[in-house]
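Written out below as structure tokens is the structure these notes cover.
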Amino acid sequence: MKKILTTGLIAGCILFVISYGGLYLGVRFFPHLFVEYNNPLFNSDGSRDILFYLHAFIISLALSWFWDRFKVLFKGSFIMRGLEFGFVYSIIALLPVMWISFSSLDITLIMVLSWFLYGLAQAIIAGLVFAKINP
Amino acid sequence: MQYKNILPVAILFIVITCFAMHKKLNNNTRSKTWVVSQNSSLSVNGSTNINKFSCVIPAYDHTDTITISKKDEGYILTGDIALSISSFDCHNSGMTRQLQKTLNEKQFPLLHIRFLSLNQLPEPIAKPEFITGLVAIEIAGVAKHFEIKYQISQDDQKVIHLLGSRDLNFSDFNLTPPQKLGGMIKTKDQLTVAFNLNMKSL
């Protein structure tokens, strides 16, 4: 349990920097991709900002538990294990969620694809961290 | 006997005085009335850290009047233009809904512009003339007074074109500009309200 929490927190810190750093750069250099977020569908009063920034730790801790439970199934070098882990998570968890989101919410395909790729990148980075520090 | 002679004189004096006062009052409040036509428009322009937006009410769907009266202290305007927040079009459905939500459309469905005064009487000429005046703008139930520079002109069909614009802040009306994705996308506090009123003199 301690190992799960430790690796989860380490991955959380790394994901926090990479995810929000990447998002900041994305907003700065590709602003047109974010115009659709000016929509009441997305929280606008700042009341949930803390939850937004905690996401990196929530996904890291959840993936850390998943990794610890099923890591024996991922074979090969740490890069291959991290990549496979990321793809498995994306296919099992992200794809169905993105599918139902696109089908039921007034959001664009670009938006959903960007969320899928964002989640995939997060899961691969977390997988690489787990494969390295909790093989 | 003497009192009998004074009474008609006194009545005559009162009648003449009342007539003179009425005439003076009438001269001082000589007024003109303009009817705001339906092809008048209003726009709200603003920006975020990623884009600019321009939201318009392309056609005014009421027929209102503005009355201008000469008073000792200047030119007083009387008239209220009520614009429906739901008529805004930001050329992007999400941004339109966002503006309506930010302006608290459910609770305050109308934006009011009340014309209060002008510094001079506009001349009915084709050449645009610049005048200033006071208006009260009411958004989300909060009214603020602003001085506005108008451009006024009259075309061949005797339609008076009144153009005015003014920079405002969301915060002037106790509104919070929206922010998204943990504050990475922020709407700037300042926005410009511009209106183009087409009016005919009654």
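If you average the sequence gap of Cα pairs under 8 Å that are 6 or more apart and divide by the length of the stretch B:30-201, what percent do you get for the contact order?
Working: 415 pairs, mean separation 42.2, N = 172.
In percent, rounded to a whole number, it is 25.
Using Cα positions and a limit of under 17 Å, work out the aspartates and glutamates in reach of B:LYS188, with same-chain residues fewer than 8 apart set aside.
Straight-line reach from B:LYS188, under 17 Å: A:GLU36, A:ASP45, B:ASP167, B:ASP172.
Once both labels are modelled 7 Å past Cα along the beta-carbon direction, what's the A:ALA121-B:ALA194 spacing in nm?
With each label point 7 Å from Cα toward Cβ, the separation is 3.8 nm.
In the structure displayed, which of A:LYS71/A:LYS132; B:LYS127/B:LYS158; B:LYS144/B:LYS180; B:LYS71/B:LYS158; B:LYS70/B:LYS127 lie more than 18 Å apart, Cα to Cα? If you can, show how the numbers build up before the last one.
Numbers: A:LYS71/A:LYS132 12 Å; B:LYS127/B:LYS158 13 Å; B:LYS144/B:LYS180 28 Å; B:LYS71/B:LYS158 25 Å; B:LYS70/B:LYS127 23 Å.
Over 18 Å Cα-Cα: B:LYS144/B:LYS180; B:LYS71/B:LYS158; B:LYS70/B:LYS127.
Can you find, among A:PHE30, B:LEU42, A:LEU73, the residue sitting farthest towards the positive end of the charge dipole of the protein assembly as shown, where Lys and Arg contribute +1 and Asp and Glu -1 at Cβ?
Looking along the dipole axis, the top candidate is A:LEU73.
Can you show me the helix-derived [θ] at 222 nm for the protein assembly as shown, built from DSSP H runs with n ≥ 4 at -39,500 (n - 2.57) apiece and divided by the number of residues, rounded to the nearest 500. Provide the component values of the computation, followed by the final result.
Working: 7 runs with 134 residues, N = 337.
It lands at -13500 deg cm²/dmol.
About the Cα centre, and with charges only on the beta carbon of Lys, Arg (+1) and Asp, Glu (-1), how big is the dipole of the protein assembly as shown? Nearest 20 debye, please. All intermediate terms of the calculation are to be shown ahead of the outcome.
Details: 30 positive and 22 negative charges, 118 e Å.
That gives a dipole near 560 debye.
If you count, for every residue in A:44-54, the Cβ atoms of partner chains within 10 Å of its Cβ, what is the mean?
Average neighbour count from other chains, rounded to a whole number: 3.
Which values, in whole Å and largest first, are the semi-axes of the equivalent ellipsoid of the stretch B:30-201 obtained as the square root of 5 times each eigenvalue of the Cα gyration tensor? Present the calculation step by step, with values, prior to reporting the outcome.
On the way: eigenvalues 191, 51, 41 Å².
That gives 31, 16, 14 Å for the three semi-axes.
Where nothing but the Cβ of Lys and Arg (+1) and of Asp and Glu (-1) is charged, how large is the charge dipole of the stretch B:30-201 around its Cα centre, in debye to the nearest 20? Let's see the in-between values first.
On the way: 18 positive and 16 negative charges, 61 e Å.
Here the stretch B:30-201 has a charge dipole of around 300 debye.
Partner chain Cβ atoms within 10 Å, averaged over the residues of B:52-59 - can you pull that number for me? Write down the numbers at each step before the final one.
Working: counts 0, 2, 0, 0, 0, 0, 0, 0.
Mean inter-chain Cβ contacts per residue within 10 Å come to 0.
Less than 17 Å from a label point 7 Å out along the Cα-to-Cβ axis of B:THR63: which backbone N atoms in the stretch B:186-202 qualify, by residue?
B:198-202
In the Gaussian network model of chain A, springs joining C-alpha atoms below 10 Å, which of A:ASP106, A:ASP45, A:ASP68 carries the largest mean-square fluctuation?
The residue that fluctuates most here is A:ASP45.
Please report B:LYS71, A:LYS2 as a ranked list, fewest other C-beta atoms within 10 angstrom at the top and most at the bottom. Please report the intermediate quantities before stating the final value.
Numbers: B:LYS71 12, A:LYS2 6.
Going from sparsest to densest Cβ surroundings: A:LYS2, B:LYS71.
So for the pair A:ILE58, B:ASP156, with labels modelled 7 Å out along Cα→Cβ, what separation do we get in nm?
Modelled inter-label distance: 6.6 nm.
Hey, got the average number of other protein chain Cβ atoms within 10 angstrom for residues in B:104-111?
Numbers: counts 0, 0, 0, 0, 0, 0, 0, 0.
Shielding by partners across B:104-111 averages 0.
Which of A:LEU95, A:TYR118, A:LEU5 sits farthest toward the positive end of the charge dipole of the stretch A:2-133, with +1 on the Cβ of Lys and Arg and -1 on the Cβ of Asp and Glu?
Highest projection toward the positive end goes to A:LEU5.
Compute the acute angle (0 to 90°) between the alpha-carbon long axis of helix A:49-70 and the principal axis of greatest extent of the alpha-carbon atoms of chain A; round to the nearest 10°.
30 degrees
Under a point-charge model restricted to the Cβ atoms of Lys and Arg (+1) and Asp and Glu (-1), what is the dipole moment magnitude of the stretch A:2-133 relative to its Cα centre, in debye to the nearest 20?
Working: 9 positive and 6 negative charges, 143 e Å.
So the magnitude is around 680 debye.
Would you order B:HIS112, B:HIS62 from fewest to most other beta-carbon atoms within 10 Å of each residue's own beta-carbon? Write down the numbers at each step before the final one.
Values: B:HIS112 16, B:HIS62 12.
With the fewest neighbours first, B:HIS112, B:HIS62 line up as B:HIS62, B:HIS112.
What is the spread of the Cα atoms of the protein assembly as shown along each of their three principal axes, largest first, in whole Å?
Sorted from largest, the Cα extents of the protein assembly as shown read 129, 48, 30 Å.
Read-outs: derived from the displayed coordinates by stated rules, not from any lab. It should be emphasised that the depicted structure is a prediction, and the values quoted were computed from it without experimental measurement. FYI the Cβ positions are ideal-geometry reconstructions off the backbone, even for glycines, and counts take in every protein chain you see.
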